[in-house]
Amino acid sequence: MPHHPALARLSSGSARLAAAFGLLLLASLLVLHLRPAKPLVGTSDGRRHPDPAALFLSLSPGANTTIAADLRALTAGPHLAGTPASAGPAAHVLARFRAAGLQTLTRDYRPLLSYPAGASLALLRADGSLLARLSTDEPADAGRRFVRPYHAYAPSGGAVAEAVFVNLGREEDYLALERLGVGVRGRVAVAVRGGGYRGGVVARAAERGAVAVLIAGHADGGVERGTVLLGGPGDPLTPGWAVTAGAERLGLDNVSVKRRFPTIPSMPISFKTAVAIVRSLAGPDIPAELKSGLGVDNGRVGPGPALVNFTYQEDKKLATIRNVFAVIKGYEEPDRYVILGNHRDAWTYGAVDPNSGTAALLNIAQRLGIMLQSGWTPRRTIILCSWDAEEFGMIGSTEWVEENLADLHSKAVAYLNVDCAVQGVGLFAGSTPQLDKLLVDVTRQVKDPDVMGKMVHDTWKEMNGGINIAVVCYIYYSISKDSLNLQIERLARTDSDFAAFLHHAGIPCVDLYYGEEFPGYHTALDSFNWMERHGDPLFLRHLAITEIWGLLALRLADDPVLPFDYQTYASQIQEHTNAITVVMNNSRLVNLMNECISDLSRAAMEILKEAKLCRTLFVSSLVITSLAFVYLSQLYSPPEDYESKLSFFPGIADAISQPGNLTIDERQVVLKHEVWKISRAIQRAASVLSGEFSQQKESPESSVVVAP
Ligand SMILES: *[C@@H]1O[C@H](CO)[C@@H](O)[C@H](O)[C@H]1NC(C)=O
Ligand SMILES: *[C@@H]1O[C@H](CO)[C@@H](O)[C@H](O)[C@H]1NC(C)=O
Ligand SMILES: *[C@@H]1O[C@H](CO)[C@@H](O)[C@H](O)[C@H]1NC(C)=O
């Protein structure tokens, strides 16, 4: 995974305002209080345990030791996707699924992957003579068993050019450089990690004419590998369909394919190498606002006078990847799927990213196997997925979703993702809003791994209380009266395997992890040794994630009425809508939005009313709620602009952040169209939920916006 830009995005003053607004609104909505849904379990046919959650939790003793042993086995060596070394962990997962007594499946694909064939880096004097050779390796890489540090899909190429220090390589860094009269055209941009998605950092430098980009890792970390592919997730040659045997592959010269690849070579370097380059630079002093990245005293931004000589050779090729599955067929609703997924491929050893999650998944498999033997069978089908090639762009999961799209559309209840299960302390969770309440409920049942006598819910709440709620509220959503401070992230990201499930198939999703960041991200430091010493010495955080993940799955698989809460959804939409009116900062548009709000609320209340009706009628509400969600999921799809600060209403986010050369009036037309689109999505969802044909009184003409 994925580093997680959501918190970093939260800074603007308008966000604070919007958040304060949202909080006020929320307080008033809380009056509507969320009634806890009582889990309904137990039927008369004797195939169900009266309390599957209790049975699952009774299997906790010693589970941390099993998890540790699996993690050790999975991380015995580096196992990058598509390389021979990746076969070991795939076989391990398959063997453990089988040992648990579960039915297993595998699915292989041959997507286009990208590996490094060679690289060199040196500093030359202005006359071209050699000043110093610089290391392209990772300091911890003594054994040389790793794939060298590289950016997947960076093209072959090179440069002999002056360097410019661009700090984090964000838009604002280039603006600061412009004020100093320094540009990157024809030069090598030297950045430090932290400027958002690395593919975006490279693209921004390329847009400004840079000929190559070098990105430095953490000062105390290694060299951060990663993909620089742009566009959506999945195999770049089969956008929208699966790369099955004999499938059509677009050519590399196809314009839409070409757009996904970076146009200039790039490479990750160590912090030390970056410092060596920056120390060779002349030009203006690094201004205060650009010091965040390197922290070098008396540094200069360049350009030159020394030249960087950088070469990189890419080996781009089709390679075989393998997804591994375990399936537990439901006895009453076998054609409803509760799907749990984690990727298995890693840049190096992958102890955090992703095999902490793999070890948790294997423990869930083991427990479900024992539960099956004791006579329990889930009501709905549970599928455990071990994905490959996530690191190249969520390829294993995306190809599988594409291959099974129609089936998943109509049958998947939810997708529960865990990527880096444990990278530090504290629960961080994301979900689509109808799952918020279930997520919160479940954390009340799981012991906190770090504080004796407390539940995860207690510490989660306390931790969230310590940070700036007003700001966080803008993207995150706080839920329920007694846990006002809980933040649940909205999954507008596309940086882990939920991407295709949520943004392509429109399936409700959850994403869980312990700890927010760790210094060894995508480096050779991400080893079992680090996990044992620093990440989770007693493997109790692994245990907590395993239990939250497992209990979520059991509730979704066993509750007779799906534990979806559309009331939460309705209030969330209302909150976003209020946030938007503040952010737009344009009185005419604010008026327009305000006219829409009442309609949005009405549609949302309709959803709520009908969802309640479903409960009372005791019908399986999956079909209608999932159809409704297909419309609602659009509200969280990722905006095109990877710098956007909005994590919801993507069309509006793009209209605000990419005004191009539109006049104010033209922009209003675009925004207005987006507002209409959102209203339509919500109205469609509402009418799906109500199960009624539209009637005259509900038609948009009579109830919605009057043009300003
Ligand atoms: C590129 O692929 C797209 C499909 O994604 C297709 O519509 C288009 O015609 C192709 N262009 C060329 C030049 O082959
Ligand atoms: C730059 O480095 C490459 C690879 O080491 C080398 O072949 C080339 O001659 C160098 N260029 C200059 C100008 O030194
Ligand atoms: C598992 O947790 C127990 C405490 O509950 C601890 O004594 C044991 O060492 C842990 N196992 C591992 C492998 O860390």
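Ordering 517-527, 238-248, 277-287 by mean Cβ neighbour count within 10 Å, with the highest value first, yields 517-527, 277-287, 238-248. Residues with beta-carbon under 13 Å from that of N529, excluding N529: net charge, scoring Lys, Arg +1 and Asp, Glu -1? Net of charged neighbours comes to -1.
By the scheme Lys and Arg +1, Asp and Glu -1, what is the net charge of all other residues having a beta-carbon under 11 Å from that of L362? Write out the running numbers ahead of the final one.
Values: positive: R96, R344, R367; negative: D70.
Local charge sum for L362: +2.
Please give the peptides 548-560, 114-126 ranked by average Cβ packing (other Cβ atoms within 10 Å per residue), highest first, as a rough proxy for protection.
On the way: 548-560: 24.6, 114-126: 16.8.
The densest-packed peptide leads the list: 548-560, 114-126.
All other residues whose Cβ lies under 13 angstrom from that of A99 are scored, Lys and Arg at +1 and Asp and Glu at -1, for a net of +2.
By the gyration tensor of its Cα atoms, with a ≥ b ≥ c the square roots of the eigenvalues, what is the shape of region 363-403: rounded for a/c under 1.5, prolate for a/b over b/c, or oblate? Since a/c reaches 1.5 but b/c is at least a/b, the shape of region 363-403 is classed as oblate.
Go through K329/K411; K437/K461; K411/K437; K411/K461 and tell me which ones have a Cα-Cα distance over 24 Å in this structure. The pairs that break the limit, which is 24 Å between Cα atoms, are K411/K461.
Between E462 and E532, the modelled labels are 3.0 nm apart [label points 7 Å from Cα along Cα→Cβ]. For the residue pairs K258/K677; K291/K316; K272/K454, the C-alpha atoms sit more than 32 angstrom apart in K291/K316; K272/K454. When you count the other C-beta atoms within 10 angstrom of each residue and take the mean per peptide, 366-375, 64-73 line up highest first as 64-73, 366-375.
Computed from label points 7 Å out along Cα-Cβ, the spacing between N254 and T83 is 2.9 nm. In the full protein context, region 194-310 carries 38 Å² of accessible surface per residue, based on a 1.4 Å probe and ignoring ligands, DNA and RNA.
Report the FRET efficiency, 1/(1 + (r/R0)^6), for L105 and E172, where r is their Cβ-Cβ distance and R0 is 51 Å, rounded to 0.05. Efficiency for this residue pair is about 0.60.
In this rough spin-label picture, where each label sits 7 Å from Cα along the Cβ direction, the E207-R98 distance is 5.1 nm. For region 76-201, with all protein chains in place and a probe radius of 1.4 Å, 52% of the accessible heavy-atom surface sits on carbon or sulfur.
The values are calculated or read from the model by the stated rules, or taken from the named source; none is laboratory data. Note that the structure is predicted; figures quoted are calculated from it, not measured. Cβ coordinates were reconstructed from backbone atoms using ideal geometry, including for glycine residues, and neighbour counts include every protein chain displayed. The protein model used for the area step is the full one, side chains on, heavy atoms only, and it has no ligands, DNA or RNA in it. Shrake-Rupley method; radii C 1.70, N 1.55, O 1.52, S 1.80 Å.
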